[in-house]
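K.L.:
Take this structure, written in structure tokens, and hold onto it; I'll ask about it next.
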Amino acid sequence: MNLRARHGRGSPLLLLLLVLFTSGTRTEALEPISTTIAVGMAAALTGFLATYQNIFYYFHECCRPEWISFNKTALKTDLEQKLFGQHVASRIVLKAVNGFMSNESPKKPLVLSLHGWTGTGKNFVSQMIAESIFKEGMDSSFVHVFTSTLHFPHPIQIDTYKSELQQWIKGNVSSCERSLFIFDEMDKMHPGLIDCIKPYLDYYDKLDGVSYRKAIFIFLSNSGGESIVQTALDFWRAGRDRSEIQLKDLETSLSLSVFNNKESGFFRTSLIDRNLVDFFVPFLPLEFKHVVQCVMAEMKARNLDLDQDVADQVAKDLVYFPKVDRVFSAKGCKTIDSKLDYYTKD
Ligand SMILES: Nc1ncnc2c1ncn2[C@@H]1O[C@H](COP(=O)(O)OP(=O)(O)OP(=O)(O)O)[C@@H](O)[C@H]1O
Ligand SMILES: *[C@@H]1O[C@H](CO)[C@@H](O)[C@H](O)[C@H]1NC(C)=O
Ligand SMILES: CC(=O)N[C@H]1CO[C@H](CO)[C@@H](O)[C@@H]1O
Ligand SMILES: [Mg+2]
């Protein structure tokens, strides 16, 4: 049921204004007592209009704290309880978003770049961030997702895309400075397009009268994924615990591999050069035990009885790499949905 969609605007409001207007024009002809009554009525109406407006705000999403306010507890518990095997990413994301959202006057928008192997939780985490800030989560009209292959598929139309994208971002931020932009498949995005959003990420007070300092930009990509896997594998081979992996173990290899990768349009640009990205967030490849956790979470979400054996079976059926050691799930926690169907239907 959608309350907001059914909520009619305007008409009662217009009627009230009309009444107010006509009573106002007649005032001079009336006696003092009537005038007092008219003034009283006007006051009552103003009060009513304020209430009406509040009711409207209550049902209709708008750029106000009722609809947009950061809930740190929500993000923290989501990251702790729903995200598996990503201790590095989890820590950075909480710190970054909390720091930014508690700053009344940030100097630049928050720019996060999420990197890692497929199916490790990048979209999942951006969804958590959206839900912790916007009451409507990903459905909010202030959350904008751009997928390179979907929105900007043809390199030939790059110039159209450029001006379109710039207009969108400008229009969206003008109507709400707390806008969230998620760019998916950033590694497949045309470098020219990335260049055209660069100004919005920078330290400007205002551009054409619009301030972008309270917006959030999240870039998702697989670039750097291989080097993250390599680091995780080195730890595993050295018999060290996964939880010992720290950001500094991944940082250099990450930015180098991303920067040097000629394939990825993303970083041939000067996003890194100019330090426009505030945080690089590495996502580790997932192991068997994390996949089992994902399956159990999916069972819970579907209200199925939790069955460890089935979860193990589903996880065992996935492909792991490298071929010899079979340490990491090739598709992370993706495709578990359909696999679970197969095991739970007789
Ligand atoms: N680390 C994780 N913890 C819990 N669930 C996860 C994790 N990673 C992935 N999942 C589950 O798998 C689904 C797919 O993951 P997601 O879309 O976030 O992957 P991704 O990192 O964006 O991959 P890709 O690079 O292919 O886009 C999620 O909706 C979530 O249910
Ligand atoms: C923040 O999130 C927590 C956990 O989801 C919830 O219990 C709490 O009510 C929320 N706080 C506000 C102010 O919405
Ligand atoms: C006013 C404005 O430009 N709005 C745009 C915001 O972004 C979406 C895409 O998510 C566009 O479709 C809107 O036109
Ligand atoms: Mg994704």
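K.L.:
Can you list the residues, at least 5 places off or on another chain, whose amide H is less than 5 Å from the amide H of Tyr320, using H built in the peptide plane?
P.N.:
It is Ala330, by chain and number.
K.L.:
So between Thr118 and Ala38, what do we pick up on full extension, going 0.36 nm a residue minus the alpha carbon distance?
P.N.:
In short, 22.0 nm is gained.
K.L.:
Please list, ordered by chain and number, the residues whose modelled amide H lies under 5 Å from the amide H of Phe146; skip anything fewer than 5 residues away on the same chain.
P.N.:
Sorted by chain and number, the residues that satisfy this are Ile182, Phe183, Asp184.
K.L.:
Using only Cα atoms, tell me the angle between helix 247-260 and the longest principal axis of the chain; keep it within 0 to 90° and round to the nearest 10.
P.N.:
90
K.L.:
Given a 10 angstrom Cα cut-off, can you work out which residue in Met138, Met189, Met299 is the most mobile in a GNM of the chain?
P.N.:
The residue that fluctuates most here is Met299.
K.L.:
Write down the Kirkwood hydrodynamic radius of the chain, to one decimal in angstroms, obtained as one divided by the mean of 1/r over all alpha carbon pairs.
P.N.:
It works out to 23.4 Å.
K.L.:
Moving on. For the chain, take the longest principal axis of its alpha carbons; what is the angle in degrees between that and the long axis of helix 122-133, to the nearest 10 within 0 to 90?
P.N.:
30
K.L.:
Return the FRET efficiency for the residue pair Thr147, Asp341: r is the Cβ-Cβ distance, R0 is 35 Å, and the value is rounded to the nearest 0.05.
P.N.:
That gives a FRET efficiency of 0.85.
K.L.:
Taking the Cα atoms of the stretch 119-196, what is the range of coordinates along each of the three principal axes, in descending order and whole Å?
P.N.:
Projected onto its principal axes, the Cα set of the stretch 119-196 covers 38, 34, 17 Å.
K.L.:
Taking the Cα centroid of the stretch 183-254 and of the stretch 277-296, what is the distance between the two, rounded to the nearest whole Å?
P.N.:
15
K.L.:
Then there is this: Could you tell me which Cys residues in the chain have no other cysteine's Cβ under 4.7 Å from their own Cβ, answering none if every one has a partner?
P.N.:
So, Cys62, Cys196.
K.L.:
What are the aspartates and glutamates whose alpha-carbon lies under 19 Å from the alpha-carbon of Lys162, with same-chain residues fewer than 8 places away excluded?
P.N.:
Filter leaves Asp184, Glu185, Asp187, Asp195, Asp202, Asp208.
K.L.:
At 20 °C and 1.002 mPa s, what whole-number value in µm²/s does Stokes-Einstein give for the translational diffusion of the stretch 114-157, with Rh from the Kirkwood sum over Cα pairs?
P.N.:
Roughly 176 µm²/s, to the nearest whole number.
K.L.:
For the chain, find the longest principal axis of its Cα atoms and tell me its angle to the long axis of helix 158-175, 0 to 90°, nearest 10.
P.N.:
Long axis of 158-175 versus the principal axis of the chain: about 50 degrees.
K.L.:
Spin-label point model (7 Å from Cα, Cβ direction): what's the Lys76 to Gln167 distance in nm?
P.N.:
A separation of 4.4 nm, rounded to one decimal place.
Each value in this text was obtained by applying a stated rule to the coordinates, not by laboratory testing. Remember, it's a predicted structure, so these values are computed and weren't measured experimentally. As a convention, Cβ positions derive from the backbone with ideal geometry for all residues, glycine included, and neighbour counts pool all protein chains shown.
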